[in-house]
1. Go through the range 258-281 and count every residue that is free of Cβ contacts under 8 Å to residues at least 40 places away in the same chain and assigned to a helix (DSSP H, G or I).
2. What single numbered condition from (1) open to solvent by 30 Å² or more (accessible area, probe 1.4 Å); (2) modelled with pLDDT under 95; (3) within 22 Å of residue 224 (Cα to Cα) fails to hold for residue 266?
3. Looking at residue 279 and the list (1) under 27 Å from residue 358 (Cα atoms); (2) at pLDDT 95 or above; (3) open to solvent by 60 Å² or more (accessible area, probe 1.4 Å), which single condition is not satisfied?
4. Which residues, counting only those in the range 164-188, are in contact (Cβ under 8 Å) with a residue 60 or more places away in the chain and open to solvent by 30 Å² or more (accessible area, probe 1.4 Å)?
5. Among what's in the range 107-134 and is touching a Ser or Thr at 6+ places or on another chain (Cβ under 7 Å) and part of a strand (DSSP E or B), pick the residue that is modelled with the lowest pLDDT.
6. For the range 135-155, give me the residue count where each residue is at pLDDT below 90 and either part of a loop (DSSP other than H, G, I, E, B) or touching a Pro at 6+ places or on another chain (Cβ under 6 Å) (or both).
7. Give the residues of the range 282-320 that are among the charged types (D, E, K, R) and touching a residue at least 24 places away in the same chain (Cβ under 8 Å), sorted by residue number.
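The values are calculated or read from the model by the stated rules, or taken from the named source; none is laboratory data. The structure displayed is predicted, hence computed values, not measured ones. We place every Cβ from the backbone using ideal geometry, glycine too, and count neighbours over all the protein chains shown. Only protein heavy atoms, including side chains, enter the accessible area calculation; ligands, DNA and RNA are left aside. Shrake-Rupley method; radii C 1.70, N 1.55, O 1.52, S 1.80 Å.
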Amino acid sequence: MASQRMQSGVVDVIVGCAVSLWFFIPTGPTGTSQAAVGKDEPRTFVTWPEKGLGLSIDLSGFKKDIDQVKPDGRRYLMASHPKTGLHVSVTLEKVPTQASAKGCVEQLQLIQQGPVVTSGQDINFNADGEIPTLEYTLHKIQGVRLDQKTVYACMAQDNVYADIQLSKVQYTTADAPHFQSILKTVRLQPLPSETRQTPAPTPAPVLAPVPVPEPPPDSRQLLNIGNALYLQNNYAQAIPPYKKAFELEKVEPQLDRTLWRVLIDNLGMAYEMTGHLKLAKATFEQGIQADPTYPMFHYNLACTFAEMNDLDHAMQSLTTAFRHRKNQTPGEEKMPDPRQETSFLRFMKNDTFRNLVNNLAATKR
């Protein structure tokens, strides 16, 4: 398997000045076009017509959140089950060489060595089954009970790899059959003939029903769309839905305080990760104006100032962040240690800054 394939498919890691907690907040279905898959409908085909093959999977009861070809050419589907809270994603990737079971094993081993899986528990890698799988559970994040079960699976045929990911928050042993039943239905196979053939044009009916326009997504749906992209490190693509959600919240607030804080944090960090430091600064400052005692807005603003090489303002924002450290969102265990932030490394040789962060680190709860 080529190294490029292993890098592009490796499990995504949330990076930034401060860890965002959005990904374990239970969310509803996302997307602007969520076509439910009924119980009587056939299996879903994640199609790749130019290859003449696709992935067959039983997603009865699921709603398609994202169904697209990514800019890098990978075929991608994300779906969620409103009742069980189970999320499924499928990625089809074409490689220059023959795909193989060995390549799948190497991919899963690479994921297993990553920081997300190694921080989890109940890690189990199985290369002996029909489909190689890697599973793990995150029981807690920053002191918050999570119990997020994730299973990765990989299949290979011709020069195509299929990566499947199943995930559920608040997982219990009663959920195990749901995971297994989906994995048992997965097949990487040639497309049905009717899928490959171009259908004949259908004459328009004489009396066509008047289409009912689909309502635009609300701020919660836009937040979820942005979160899905953010988790894949697609920061630039996450900005538009986050920005739109932010604009909607100014006119008609729908998010509770926790989700609103997540929106500001992630929008600001997405700007920062894409080099738009002035926009990141403006976002965190707007958050502070509305929620002046929330410490993480000040902390992330300090990181932004550091990236702008503004020592004085970085120190001011850090000091303010720790002054309000008791006002964190419930479940956040303690303030981050600024001495371990990459954004602040440039200042660690400065005696004044080093003394400040040493003192602040000693006060964090």
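1. Result for the range 258-281: 9.
2. Here residue 266 clears every test but (1).
3. Among (1) under 27 Å from residue 358 (Cα atoms); (2) at pLDDT 95 or above; (3) open to solvent by 60 Å² or more (accessible area, probe 1.4 Å), residue 279 violates only (1).
4. Matches in the range 164-188: 165, 169, 170, 178, 181, 187.
5. 121
6. 2
7. Scanning the range 282-320 gives 291, 307.
Per-residue answers, yes or no, for (1) under 26 Å from the mean Cα position of the chain (by Cα); (2) surrounded by 23 or more Cβ atoms within 10 Å (Cβ to Cβ); (3) among the basic types (Lys, Arg); (4) in a loop (DSSP other than H, G, I, E, B):
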| residue | (1), (2), (3), (4) |
| --- | --- |
| 299 | yes, yes, no, no |
| 303 | yes, yes, no, no |
| 326 | no, no, yes, no |
| 336 | yes, no, no, yes |
| 345 | no, no, no, no |
| 355 | no, no, no, no |
